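The structure under discussion appears below in the form of structure tokens.
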Amino acid sequence: MTGDAVLAACADRLRGARHVAVLTGAGISAESGIPTFRDALTGLWARYRPEDLATPEAFARDPRLVWEWYAWRRAIVQQAKPNAGHHALARLGRLAPTCVLVTQNVDGLHQRAGSARVLELHGNILRTRCSREGRVVERWADGPEVPPRCAACGAPLRPDVVWFGEPLPVEALRAAWDAASLCDVFLSVGTSNLVEPAASLPWRAAAAGAEVIVINTAVAGQRTGPRIHHLVGCAGEVLPTLLAAAWPNRPTAAS
């Protein structure tokens, strides 16, 4: 099929779906100016590798260094704004009878765009939790110590993200598997589908009978099959076009 024919077929399937599941990766956030983990670090952080900072061992060895790196990343996230892809997925959540959005991103841009049900597989960089008790901490005393301490137990605070070597949140992962197993259409957006266990979600959906729509800037390395459809391009361009084709008589602005 031609590109237009693939788009029309995907739009038809999306419009007829009762249960939609979506998986997003770093590609959609990169369109908002947030560097991916694969991007080289710059400035003061150029001599470090993300893989050497985002681990429990790195935090135990040098908690100040890790905290300050995440503070730098957090500032980038706070300045970023949801793009057209984020807004299109928020709109999809209102158009589809049921829609579960699963993200590997930690920036909270889906929520800021208006998506109501978001499963965060890797946590959220804008949240902070106690490194000992795991409790999310909203406030802490200002002082010279970096990182700050938990007021309840005195342990260092840490970003509420999943580091290399740590398990994904059990409830979020279970809900993501359920969504993939039960959906009629599964959208994979801005992800290479290489990092497990999230990488298996689209193919689990296809095995269960769902149509899978992969939206990425390249097809190389992605699976193909009779139920797998590829729309090549940036999420901020492809998603609004797909929704406009699926629901041509609905307003495109957020409502």
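Between Arg129 and residues 5 or more places away or on another chain, which pairs have amide H atoms under 5 Å apart, with H built 1.01 Å from N, and which residues are they?
Close amide H contacts, sequence-distant or interchain: Val137, Arg158, Asp160.
Per-residue ellipticity at 222 nm for the chain, helices alone: DSSP H runs ≥ 4 residues times -39500 (n - 2.57), over residue total, nearest 500 deg cm²/dmol?
-10500 deg cm²/dmol
Quick one: which residues, 5 or more positions from Val100 or on another chain, have an amide H under 5 Å from its amide H? H modelled 1.01 Å from N in the peptide plane, none for Pro or chain starts.
When sequence neighbours closer than 5 places are left aside, the close amide H contacts are Val20, Ala21, Val22.
Multiplying the sequence separation of Glu171 and Ala207 by 0.36 nm and subtracting their Cα-Cα distance, what value in nm do you get?
Full-extension gain reported as 10.7 nm.
What are the ³J(HN,Hα) values, in whole Hz, obtained from phi via the Karplus relation 6.51 cos²θ - 1.76 cosθ + 1.60 with θ = phi - 60°, for each residue of region 96-111 in sequence order, with x given for Gly and Pro?
Once rounded to whole Hz, the list reads 6, x, 9, 8, 10, 9, 10, 10, 8, 7, 10, 9, x, 5, 5, 5.
Among 107-115, 52-60, 143-151, how do they line up by average Cβ neighbours within 10 Å per residue, starting with the highest? Walk me through the intermediate numbers first.
Numbers: 107-115: 21.6, 52-60: 16.3, 143-151: 13.9.
Highest mean packing first, the order is 107-115, 52-60, 143-151.
Quick note: the coordinates plus some simple rules give every number you see, no bench work behind them. Computed from a predicted structure; not experimentally measured. Please note: Cβ atoms are built from the backbone with ideal geometry, for glycine as well, and neighbour counts cover all protein chains shown.
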